[in-house]
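Below: one structure, written as structure tokens.
Readers should treat all values here as calculations from the given coordinates under stated rules, not as data from a laboratory. Given the structure is predicted, the values throughout are model-derived calculations rather than measurements. Note that we place each Cβ from the backbone using ideal geometry, even for glycine, and neighbour counts take in every protein chain shown.
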Amino acid sequence: MLSLLIAHAVAALLAPTLVRAMGRKAFLALAVVPAVAAAWLVSQTSAVLRGDGPVEVVRWVPGLSMDLSFQLDTLSWFMALIVTAIGAVVLVYCASYFAASAAGLGRFSAVLVAFAGAMLGLVVADDMLLMFVFWELTTVFSYLLIGHYADRKASRRAAMQAIVITTGGGLAMLVGVIILGDAAGTYRLSELLADPPAGTAVTVAAVLLLVGAITKSALIPLHFWLPAAMAAPTPVSAYLHAAAMVKAGVYLVARFAPAFAELGPWRTTVVALGLGSLLVGGYRALRQNDLKLVLAFGTVSQLGFLVFLVGLGTQQAALAGLAMIGAHAMFKAALFLVVGIVDSATGTRDLRRLSGVGKALPVTAAAGILATASMIGLPPFAGYVAKEAALEAVLVSGETWVDTLVVVGVALGSALTVAYGLRFVWGAFATKSSVIPDPDAPEEDGEPRPAPVSRPALLLAWPALALAVGGLAVALVPHYGEQLLSPYAGTLPRGEAGHLTLWAGFTPAFFITVAVLAVGVGAFFARELVSRVQTRLHVPLEADSVYRRTMRRLDDLAADVTALVQRGSLPFYVGAILLAVVVLPGSVMVARTAWPAEVRLWDRPAQLAAAAIVVTSAILAARSRRRLKAVILLGVSGFGIAMFFLLHGAPDLALTQILVETVTLVVFVLVLRRIPPYFSDRPLAASRWVRLAVGVAAGLAVGGFALVAPAVRVHTPVSIDFPQEAYAYGGGKNIVNVALVDIRAWDTMGEISVLLVAATGVASLVFLSRRSGSLFRAEEADGGAAVWAGKEPASGVTRLQRAASVHARQASSAERYSRMRVWIRAGATLAPGRRSVIFEVVTRLLFHVMILYAVFLLFSGHNAPGGGFAAGLVVGIALMVRYLAGGRYELGEAAPVHPGLLLGTGLFLSAGVGLVSLLLTGNPLRSLLIDLQVPLLGEVHFVTSLFFDLGVFLVVVGLVLDILRSLGAEIDRQGELAGQDVGPGAATVHGGGS
Amino acid sequence: MSYAAPHIGWLQIAPLAIVLGTGLVGVLVEAFVPRRARRTTQLVLVFAALVAALLLIVAQWRDTMASGGVSLFGGSYLLDGPALAIQGTLVVLSILAVAVFADRTSVGQDAFAPAAAAVPGSDYEELARRKGLEQTEVYPLAMFGLGGMLLIVAAGDLLTLFVALEALSMPLYVLTGLARRRRLLSQEASLKYLLLGSFASALLLFGAALLYGFSGSLHLGEIAAATGTIAGLEGLLLGGMTLLLIGLFFKVGAVPFHAWTPDVYVGAPTPVTGFMAATTKIAAFGAMVRVVYVVGPSLQWDLEPMLWTVAILTMVVGTVVALVQTDVKRMLAYSSIAHAGFVLVGVLAFSTEGIASVLFYLVVYGLATIGAFAVVTLVRQTRTGAEGTVILGEATHLAQWAGLGRRSPWLAGALSLFLLSFAGIPLTAGFAGKFTVFTAAADGGAVPLVVVGVIASAAAVFFYVRLIVLMYFTPEREEEGEEGVTVVTSSGFTTVVIAVAAIGTVLLGVLPGPLLELLGQAVKFLP
């Protein structure tokens, strides 16, 4: 069997080449493959009948317990025979159906053969997973085949619809398969059916399998893809949508019926949907004017009947079902082929435009009539035999009202079949008194004429005739059929062995058949009336439109979800993450932790004031609309924290906190100059409150963590030994500082490296080409330059002033100081409007004091509050003051040094200390304590970590300088080049104005 | 203070050391090798390093699987089966992804900005472009990122985990901002990624702190041991685990921590998108599986509600939102979110089969992802102006892909294959991946998850197939005025990558057995 599948695959791969070489005749060559397969299957008949059909097992994916296992039992054999035989016939038909010049035949032929192979694989596979693989392959191939006329929109849509529905069903089936395999411990069909598992999960699995079958076999309520799929070329309709693919669902039901037919949900589903489809399909087939659609709805109807029969679970029904499968495959394929002939002969499939076709094409008409006779169940055709057996089967179990209903349903469905069958024959072949005009043709005068009939090749009619005659032939030997099929029927749990026969005597079934024929014929002759009633009866809920609406809803839903969750707004995203934090760990905190038994609210009332400041400013910051305001409020809350530190007796932390806040604030302001003043231009009334709520929630959650975490602490804090170690090894009394430069010196080392990288990053981003630009010494300032001049043209007065100041700079220094009262060295480079005498004077007074203070902090830091970090920040703030007072040239004058130099030296110093101590003591970064007697000064306590601290100091100064030079000076310069007003007050000025 | 020097297994850390070392050397190359020779030097270095790393990983496979792995650096670096397997996957996929980096196509430009720091639209940028500058920093950056990934999957303690997470994230933040075209979008993406990523890192760190508070140790094994012995602190433990997992959820792009994914995937240069879509997710899942399986088992009942919620949300949101996308990269981004959900389903199997299935899925997903994004790099917009037709950036709008199957059947065929694999159609690797994951989860009792997963897969088929339909069945749009679409010729690298990915996807679909068996050996975590 594997070799047959491989043959199909090879044929499919070769098909395009063959088509290129031989044209459409290649289909004849390709037909050999399924024909050979059918011949082989016939040769296996006796073995299958004996019950020892061939079995093949090849290990494929042992890890997934997926084997290539095939088995040929009665059901497989029968289905495989249908698939291969009709496949061969259809391929022969293709050879003359397509125009010799038709495009895309190569691909079409390949896919059709591949489909035949997949279908064969599906029915002979003995492994559920393998079966699923083939199942999905048929879906994909059918998709390609339905979409063959890719340039037609209807075709594309139908293909899409078919694949969406059948793949969905396929996946449902996969879940069922997995559950079943899991429950049974094997994926082998034969083993599973031999010992079917039970339980709720298995029931669910069985229903899921049914879902797969329903989608594939186009049962209600998912039947609508099948009529739409009629957009495919007719051979495809004949093969996929009559004989093969749609039968896959029937096969699946038949395959699992022996194991699950007894389950309540299974039976309910099968009976309700099977009979429902039978009736709905038949009813809708009556209404169609397109011959292919008549057949399509007829197929829906028949498939419902088939699923009902094979799923019912009695032996009689199963036998009838199999017989019906065979009969249906033959007559429905034949009918589709006939429609194809009519279509190609007349150019239309609209039965209202056809007239006299039967006379023109007698062979075709003969095939069509024979096939229809089988379909409507006239003796002595296969359809009759099967339907008689089916009626017998449903009559046997006539006990409850449900059974009665079933009988009525089947009879009604059969009557509908008779009606639309007759209407089909009439529509296709009869000579009618009047026809409707061609909608595409130009307006004609007089009576509209029927579509003209041309003569297609006779080869086209033979396959249809062969199939139709086959339907007659097999019916003449019903006992043989019964003998072949009953081994499968015998595997079903209930009922007695059924029989296939042409004449069973005057049984109730016979009378029902007569009644059915009578009603059907009556309905056909009353077709005008029926169609009027049908038009009157409005069906409020059509499955097709429900599907379309569902898909549209899904699209809308997706769009809404996208709009909701993916709005591209960073605050929204951050808000989502924060909310997740509040909800997930927050709920754990509330539900699963013990709150501290006793909470001391404050040590002294001043803390309450600090808390009030922090909380108020944080809340205000969260709801502020202007960036600057938010930044300042954040700063305020930072200062509040510093107050906390101070009140807790940590002056060192407080000092550092204040300095950091100050520097941060200034850097923020520098950056904000180039950013719009408001977070958003839109009024934020509502969203501000939302933001506030998120912020408060996040704050409460984190606050809660902070409250809970220390209370549940069970381990000793690592810092418990710090005070003692700091003094003994680090030689200092300021624990914070010693921790920085000694105990945690490695960390500090890493941190200052990061500082260096960050500073370099900021500078490179702003300066672009070089690490940093010029130093902006005052001498470089060209005479006309006016820093922060803004856009306003210089007035006469200011120009005069500037000329004077330039003149002043050029004068000798002695003269300068004596006459012009220059407080800061580069003040003159500033636009006069930007100068502030008070600021300059204060700067003059403060700068050196601050530097001195920084030096003090640096050296006293080991024992008192201070240290390199704080000292560096103080120097940084001093530089900032100079920059703010006098612009970039003032900064250049204050620190005429490249920040890179400071950064490098700093890191070198710190690392050097580590290296030296490694050389001296064998441990890196270990402090050496040196006590010296210095004349005059007395005893000097000296620790080598001071050098380390000095390195930290230099790095921090370098960082601040770098930021000032890039975010301050360089942006000023670029702004001036671009003609923008970017003075330090720009952000506020803009803000105030708008 | 007595101090035991940590045991260093040089062979075991060699792949990691080689990759990181190459990154460092790459930086020096940038500084000292003349501009003309830089690209070649970088490429030779990178590929040599990756191949060497791969060989070393292969060399230790047998021993590692036999011994169950080694614990190095006092348990900080655990080279066990899963770690080695994921490292191997990462290196293989990186070779492919970096090859796409290197492709200059027939246009003669790579996908990276000539001067990434320049203000978009400035004269400076224009000057750099006209001078034909090329940045080759992407190679060392990619190496650093990969180094972080190799480390994170073997991280035995939370600090190493955090450091590795940062090491893998930082280079990606930068790489994201380097797109040659649509600079503003790229920079915005980079900024968003950085900011949101920082939040996630902070949460992870917070979680690590809580876990330390709970157990007094940062080692996963010791935390796991503590779960059984310490009572009364479940709040810390669960809170910590939750925060830790949130950090990792962020990296894998699980809902509701996925917000960055689409923007970043779209904004980043497409080769980088392919790189991070595949490798970051794999690395983060590697870490997550370790955390969940080492610490999690005793917490299974407590963690499951959250993990299930996230998994279901991820699958559903990823799929539903992907349905309406009109941009190829964005659609792939959402599909990658959905895939994160599928992998989570495998993680939730809480069994060794679950681990193997996750490993397999990641390989499969990574291959198809890199392949798909590689295809995207070749489909370009054109503009016909006075001076002839100019080839611009990628044509990512879906409508622009109409009719691609007729003009470039092989390229469209490859992409279709990747899409079918994403959709999980049988005989593609994606099916085997989904199947293993779902089977493992069903065995582990997570049947509802499997059902949701299957439904999501079914819905996902829709948008994958839609693109295939578009490429093959929809006629090409009429050229509207000056705008057009063309397929540029790869300079070789991308073609090879697409071919390898396609062959791999088919091979793993038809014969997943050998790889599944191989990965089946690698399911034992060192405590």
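Data table
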| item | result |
| --- | --- |
| Karplus (6.51, -1.76, 1.60) ³J(HN,Hα), θ = phi - 60°, over the stretch A:424-432, in Hz, Gly and Pro reported as x | 4, 4, 4, x, 7, 10, 5, 9, 9 |
| Estimated FRET transfer efficiency when R0 is 60 angstrom, pair residue A:611-residue B:67 (beta carbons, to 0.05) | 0.55 |
| Per-pair calculated FRET efficiency, R0 = 45 Å: residue B:511 and residue A:675 via Cβ, rounded to 0.05 | 0.20 |
| Neighbour-count ranking [beta-carbon atoms within 10 angstrom, fewest first] of A:567, A:157 | A:567, A:157 |
| Local electrostatic count, residue A:755, Cβ distance below 14 Å [Lys/Arg +1, Asp/Glu -1] | -3 |
| If the convex hull is drawn through the Cα atoms of the stretch B:10-520, its volume per residue in Å³ | 131 Å³ |
| Average Cα contact separation per residue, the stretch A:595-703, under 8 Å, 6 or more apart, as relative contact order % | 29 percent |
| Cα centroid separation, the stretch A:636-702 to the stretch A:385-416 (Å) | 81 Å |
| Gain upon complete extension [residue A:916, residue A:696; 0.36 nm per residue less C-alpha separation] | 74.1 nm |
| Within the protein assembly as shown: Cβ-based charge dipole about Cα centre, in debye rounded to nearest 20 (Lys, Arg +1; Asp, Glu -1) | 3340 debye |
| Mean ellipticity per residue at 222 nm, deg cm²/dmol - from DSSP H runs of n ≥ 4 across the protein assembly as shown, formula -39500 (n - 2.57) | -23500 deg cm²/dmol |
| Distant-in-sequence amide H partners of residue A:943 (H built 1.01 Å from N, under 5 Å) | A:930 |
| Residues B:137, A:780, sorted so that the one with the fewest Cβ neighbours within 10 Å comes first | A:780, B:137 |
| Unit charges on C-beta of K, R, D, E only; dipole of the stretch A:213-316, Debye | 60 debye |
| Cβ-based net charge around residue A:257, under 15 Å, with every Lys or Arg adding one and every Asp or Glu removing one | +2 |
| Rel. contact order, % - alpha carbon contacts under 8 angstrom, at least six apart, the stretch B:10-520 | 15 percent |
| Sequence-distant residues sharing a close amide H with residue B:382 (under 5 Å, placed H) | B:392, B:484, B:485, B:486 |
| Amide H within-cut-off set for residue B:327, under 5 Å, with H built and near neighbours excluded | B:398 |
| By average C-beta atoms within 10 angstrom, highest first, the peptides B:349-362, A:724-737 | B:349-362, A:724-737 |
| Per-residue HN-Hα couplings for the stretch B:461-476 [Karplus 6.51, -1.76, 1.60; θ = phi - 60°; Hz; x = Gly/Pro] | 3, 3, 7, 5, 5, 4, 5, 5, 4, 4, 6, 9, 9, 8, x, 4 |
| For the protein assembly as shown, alpha-carbon Rg over 2.2 N^0.38 Å | 1.12 |
| Relative contact order (percent, whole number), chain A, Cα cutoff 8 Å, 6+ residue spacing | 8 percent |
| Of A:576, B:85, A:61, farthest towards positive along the dipole that unit charges on Lys, Arg, Asp, Glu beta carbons give the protein assembly as shown | A:576 |
| Distance (nanometres) between label positions extended 7 Å along Cα→Cβ at residue B:31 and residue B:55 | 2.9 nm |
| Residues B:10, B:401 arranged by fewest to most Cβ contacts within 10 Å | B:10, B:401 |
| Length released on extending from residue A:58 to residue A:706, taking residue separation times 0.36 nm less the Cα-Cα span | 227.0 nm |
| Residue (of B:150, B:37, B:314) at the positive-pole extreme of chain B, dipole from beta-carbon charges | B:37 |
| DSSP-defined beta bridges in the stretch B:10-520 - what % are antiparallel, rounded to 5 | 100 percent |
| Separation of the residue B:326 and residue A:567 label points, Cα + 7 Å toward Cβ, nm | 2.1 nm |
| Backbone HN-Hα couplings from phi across the stretch B:160-173 [Karplus 6.51/-1.76/1.60, Hz, Gly and Pro as x] | 4, 4, 5, 4, 5, 4, 5, 4, 7, 7, 3, x, 5, 4 |
| Nearest 10 degrees, 0 to 90: helix A:570-592 Cα axis against chain A principal axis | 90 degrees |
